[in-house]
Every structure is written in C-alpha cells, then in structure tokens.
1. How fast does region 111-214 diffuse by Stokes-Einstein, in µm²/s, taking the Kirkwood radius from C-alpha pairs at 25 °C and 0.890 mPa s?
2. Once you charge only the Cβ atoms, +1 for Lys and Arg and -1 for Asp and Glu, what is the size of the charge dipole of region 84-140 about its Cα centre, to the nearest 20 debye?
3. How much FRET efficiency would the formula 1/(1 + (r/R0)^6) give for TYR156 and GLU15, where r is the Cβ-Cβ distance and R0 is 41 Å, rounded to 0.05?
4. Springs between alpha-carbon atoms under 10 Å, Gaussian network over the chain: tell me which of GLY177, GLY104, GLY68 tops the mean-square fluctuations.
5. Expressed as a rounded percentage, what relative contact order does the chain have, with Cα pairs under 8 Å and six or more residues apart?
6. Provide, in order from the shortest bin, the percent of all Cα-Cα pairs of region 51-177 in each 5 Å bin, continuing until the bin that contains the maximum pair distance.
7. Taking springs between alpha-carbon atoms closer than 10 angstrom, which of PRO132, PRO86, PRO161 fluctuates most in the Gaussian network model of the chain?
8. Of (1) 12.3; (2) 15.7; (3) 14.0, which one was derived for mean projected area of the Cα convex hull in nm² from the structure shown?
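The values are calculated or read from the model by the stated rules, or taken from the named source; none is laboratory data. Remember, predicted model here, so these are calculated numbers, not experimental data. Every residue, glycine as well, gets a Cβ built from its backbone with ideal geometry; the counts of neighbours run over all protein chains shown. Accessible surface is based on the protein model in full, side chains and every heavy atom, while ligands, DNA and RNA are left aside. Shrake-Rupley method; radii C 1.70, N 1.55, O 1.52, S 1.80 Å.
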Amino acid sequence: MIAAEMDLDTRFEGEPLEALAAAWSAEDLTLGQLARAISRYYTQSRLTLEGAARYLDAPPAELEALLGLAALDDEDLSRLSAANPPKTTWLFFADAETEEIEAGLLALNRDCPSDEIAAQRVYQAMREVGAPTLEDRVAAISGATLGHLATKAKQYGVLTPKARQFLVSVASRKKLGSPLTEKQLEWLKAILQELVDKEVICRESPDGDQAECDEVLAALGA
C-alpha cells in the first residue's frame, strides 16, 4: 500500500457517487491517495468515463489520467506522489514504465516556467528512454513534411479542407514545440493513413518528395 494511505472506507463514507465527489474535492490528499480513491469509487459507481466526468464537472482527460495512475505499482505511484507533478503531466506518467517515470521526474527537477512546458519536458524525456511507439513515431514527423503533405493533398484533390487545415496547424504547432493531444494524434494518424491508401504517399513517388513519403511510411510502419 502507498505510505500513509488512509482507510478509504472511513474517510469517504456513503454511496459510491457521494464518495467519488468527496474524494475529487478533497484538498489534503497526495496524488497517490487521490488516484486510488478516485479509481475505487469510479469503479463502484459503474459510470462511464464521460458520465463520471460530467458528474464531477471534471475534464475527462484529467479523470482518465488519475485512473491510469492508480494502476501503477505502489513504488512508482509513491515516487510520483512525493514529486507532485503538475496535472499536465499526469497522462504521460499514467502510461509509463518505471524507467520512463524516473526520466520524467528528472526532467521536472529543472525550473519550468509553465505547466505546459513541464509537460513537453516530461514527454521528451520519456521518449528518449522508451522504445518509440506508433504514436511516438507519428508525433515525431516533421512539421515541414506535414506542411508539404497539406499542399500535396490539395493538389491531388484529397482530404477535406478541414483535414488539410489540420495538417497546416500541426506543422505550425511543431515549430512552437507544442505536443499533440491524444485526440489530435489519432486524427493525424487517420489522415496520414488515408493519404497512403490513396497513394498520395507511396514508395515510388513521382513528385520528387520521396524523403517526405519515406518519413511517413516509416512512422506508420508501412
């Protein structure tokens, strides 16, 4: 058990929904205590993630992150509790291995001017020690390549205007070092796969952009 973890039965009494709300609003819990309490009463409530988020008037991503943190082993969660990282980093830590958690916490030892920059540092530190996933590879595609593909997609008459504008937006975000959200990353993967399926991105491109095509194909594992 996490050090100094309270008896949840006596701390938060009542029906699961009441206990869930009480735990969410408690201000004296460590991160580990909060994660375990939220996970316990969320499970007992039988609500969906979206339903629980609405009930608590909470960001779904924040609730999802706490549920993920609760699944970490006691030692990793205790280490995170002691460090008390900003909320912007919770999702990264929730899906991390011990080595990645250690790297992320080391990245937070430096002064961070904002929680957003803290998230960027944690994400980058974890990527450097962990094996790159499909999502990591797609997120690492250069902004120049994505901007090129937006133009090429328009020339080929593929993708919706909204999807092409999204590629332009992601290319701009990369120049600022801003990481993508999980939803944005999923959409980016779908767009790139559509470009592959429609042969806008291919192994033998006739458009003088083989390097850009190969970068995307390698990221997708195609």
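1. Details: Rh = 14.7 Å.
Rounded, D is 167 µm²/s.
2. Value, rounded to 20: 160 debye.
3. It comes to 0.10.
4. GLY177
5. Reported relative contact order: 13 percent.
6. Histogram of Cα-Cα distances, whole percents per bin: 2, 10, 16, 17, 16, 14, 12, 8, 4, 2, 0.
7. Of PRO132, PRO86, PRO161, the most mobile in the Gaussian network model is PRO161.
8. Computed from these coordinates, mean projected area of the Cα convex hull in nm² corresponds to label (3).
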